[in-house]
Protein chains: 2
Amino acid sequence: MTSAEEPARPGERERVRDAARTRAEILDVATREFARAGYDGARVDEIAARTRTTKRMIYYYFGGKEQLFTAVLERAYGVIREAEQELDVDHLDPVAAIRRLAEVTFDHHEQHPDFIRLVSIENIHDAQHIAASGKLGRMGSPALDVIRRILSAGQNSGLFTADVDAVDLHAMISAFCFFRVSNRHTFGALFGRDLVDADRRERYRTMLGDMVIAYLTAERATD
Amino acid sequence: MTSAEEPARPGERERVRDAARTRAEILDVATREFARAGYDGARVDEIAARTRTTKRMIYYYFGGKEQLFTAVLERAYGVIREAEQELDVDHLDPVAAIRRLAEVTFDHHEQHPDFIRLVSIENIHDAQHIAASGKLGRMGSPALDVIRRILSAGQNSGLFTADVDAVDLHAMISAFCFFRVSNRHTFGALFGRDLVDADRRERYRTMLGDMVIAYLTAERATD
DNA sequence: TAGCTAACGTACTGGTTCGTACATTAGTGA
DNA sequence: TCACTAATGTACGAACCAGTACGTTAGCTA
């Protein structure tokens, strides 16, 4: 994730001017600042100050605050897509495969709270930056492809009884994983329970898998 | 919700100065403005402009932008608590009661998108306004009491096999309902499916109930 | 009806913040 | 090594915006 940290590959000595490094460093810092304070709460000056370069460079490379936020989103979604591409569950039976998928989704959400915050922020702004991006719209989702395969295998074999498609199942799984992180603070303040407490982690991880599998495999009235 | 609209009770003629009405009108407008633009994106001047009164009154009644947002949150949470108090499922069997509870939660989230946005915004700010409120922390939750009763009835009768408590079950139900509204825009932009589409409403409403009941009643390996 | 005060309006300020004009230098290819 | 340009830094401006000083009046009460 932090792509601008490493002090140049061994052999190459650190150049004073390095467009790629400067650009990546701005993205790293901007990700944290936007996630911390929201779009309007984030300060371009603050981002610049936490960088080895100046505000001028933000406008040089990205054009403005809006485009910087869009670039931050694009990279954040890129990271999750890469993680999803790692997913290999084709050797598992449908039930085990779905549980594995749920767990990977669960873990990724837990490991990237900044990503969750960025997505929440983008929703407050009606996904206007995604719409403006173009790049993000037609990025596809490896997770969705995986779900599609598992689902048809499970439905064909009669194991899965639920009448659900991949997109809706993805929404169901994401909802649980996302909410746990995104609403951690209000939920904790109102109900006195920290949903991201390390001691309860395994419990929630299991609960999600149980929930999805119970839903998919439940006995249903045949019509 | 809109408490400042009615032009005075019949008989009373409209007074020019009406503290309660002015205060309520500010809250109404502020709710919309904060929900629209986020805390930092919201403009005190804009709120004032959409009111029959002036910015001066916002500071007169609420003290400042932060306290105004806190007051907005307090009222929004008050509304949902009132709705939850209406809930009467004691005459239903545990399975029907849980489904009814899930449906009421579903409906309330759908009917109050502004509330969802306010909660999202408050989470971006680490629930600091709830923490500062005092009032909100010890407000309790009628829904939680209802869940507790249904859950123990279901568990005692052996109908519910899941080892889950009321708070976690509430989280599970809320996650689905909340995500559907809060992430509508990014989800729609990325996956091309509007989660709040009226045509799909019944489907999701049923899906939630099915999911929760399948989870609670699933056959489990006895240890 | 006189006087008191809660309720209200106007006009302004000081700090903040996005964005840019202008000047400068590191690295590179001829 | 020279010239050219991509990359960078400084300093500043103009608009915005939360908050306030100060003055006014509606409505209630004695």
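The values are calculated or read from the model by the stated rules, or taken from the named source; none is laboratory data. Only a predicted model underlies this, so the values are computations on that prediction, with no experimental measurement involved. Virtual Cβ from ideal backbone geometry, glycine too; neighbours counted across all protein chains shown. What goes into the accessible areas is simple: the full protein's heavy atoms, side chains included, and nothing from ligands, DNA or RNA. Shrake-Rupley method; radii C 1.70, N 1.55, O 1.52, S 1.80 Å.
Farther than 15 Å from A:Asp28 by Cα and either touching a Phe, Trp or Tyr at 6+ places or on another chain (Cβ under 9 Å) or near DNA strand C (Cβ under 10 Å from one of its atoms) (or both): is that true of A:Ile47 in this structure? No; evaluated as a whole, the condition is false for this residue. Taking the conditions (1) away from every other protein chain (no Cβ under 13 Å); (2) more than 11 Å from DNA strand C (Cβ to nearest atom); (3) modelled with pLDDT of 95 or more; (4) surrounded by fewer than 17 Cβ atoms within 10 Å (Cβ to Cβ) in turn, A:Arg100 satisfies each one other than (4). Within the range B:152-163, the residues that satisfy the criterion of being away from chain A (no Cβ under 14 Å) and free of Cβ contacts under 8 Å to residues at least 24 places away in the same chain are B:Ser152, B:Gln155, B:Asn156, B:Gly158. Scanning the range B:130-139 for residues that are open to solvent by 30 Å² or more (accessible area, probe 1.4 Å) and in a helix (DSSP H, G or I), which turns out nearest to the other protein chains (Cβ to nearest Cβ)? The extreme case among them is B:Ala131.
Only helices (runs of 4 or more DSSP H) whose full extent lies in the range B:15-129 are considered here, and the ones with at least 3 residues that are more than 14 Å from the chain's Cα centre (by Cα) are B:19-37, B:44-49, B:55-62, B:65-86, B:94-111. Scan the range B:181-201 for residues that are assigned to a helix (DSSP H, G or I) and more than 20 Å from the chain's Cα centre (by Cα) and the total you get is 8. Count of the range A:140-161 residues, restricted to those that are in a loop (DSSP other than H, G, I, E, B) and crowded, with 21+ Cβ neighbours inside 10 Å, is 1. Is it true that some residue in the range A:193-203 is closer than 27 Å to B:Pro142 by Cβ and either of a type in the set (Phe, Trp, Tyr) or touching a strand residue (DSSP E or B) at 6+ places or on another chain (Cβ under 6 Å) (or both)? Within the range A:193-203, none of the residues are closer than 27 Å to B:Pro142 by Cβ and either of a type in the set (Phe, Trp, Tyr) or touching a strand residue (DSSP E or B) at 6+ places or on another chain (Cβ under 6 Å) (or both).
Looking at this structure, is A:Leu73 more than 13 Å from DNA strand C (Cβ to nearest atom) and at pLDDT 95 or above? Taking the combined requirement at face value, the residue satisfies it. Kindly evaluate B:Arg200 against the criterion of being farther than 22 Å from A:Arg201 by Cα and charged (D, E, K, R). In short, yes. Within the range B:164-223, can you find the residues that are more than 7 Å from chain A (Cβ to nearest Cβ), without any contact (Cβ under 8 Å) to a residue 40 or more places away in the chain and of a type in the set (Ser, Thr, Tyr)? Passing the criteria: B:Thr206, B:Thr222. In the range A:43-60, the residues that are more than 12 Å from A:Thr22 (Cβ to Cβ) and of a type in the set (Asp, Glu) form Cβ pairs under 9 Å with partners that are assigned to a helix (DSSP H, G or I) and more than 7 Å from DNA strand C (Cβ to nearest atom), at six or more places apart or across chains, as follows: A:Glu46/A:Val29; A:Glu46/A:Glu33; A:Glu46/A:Ala37.
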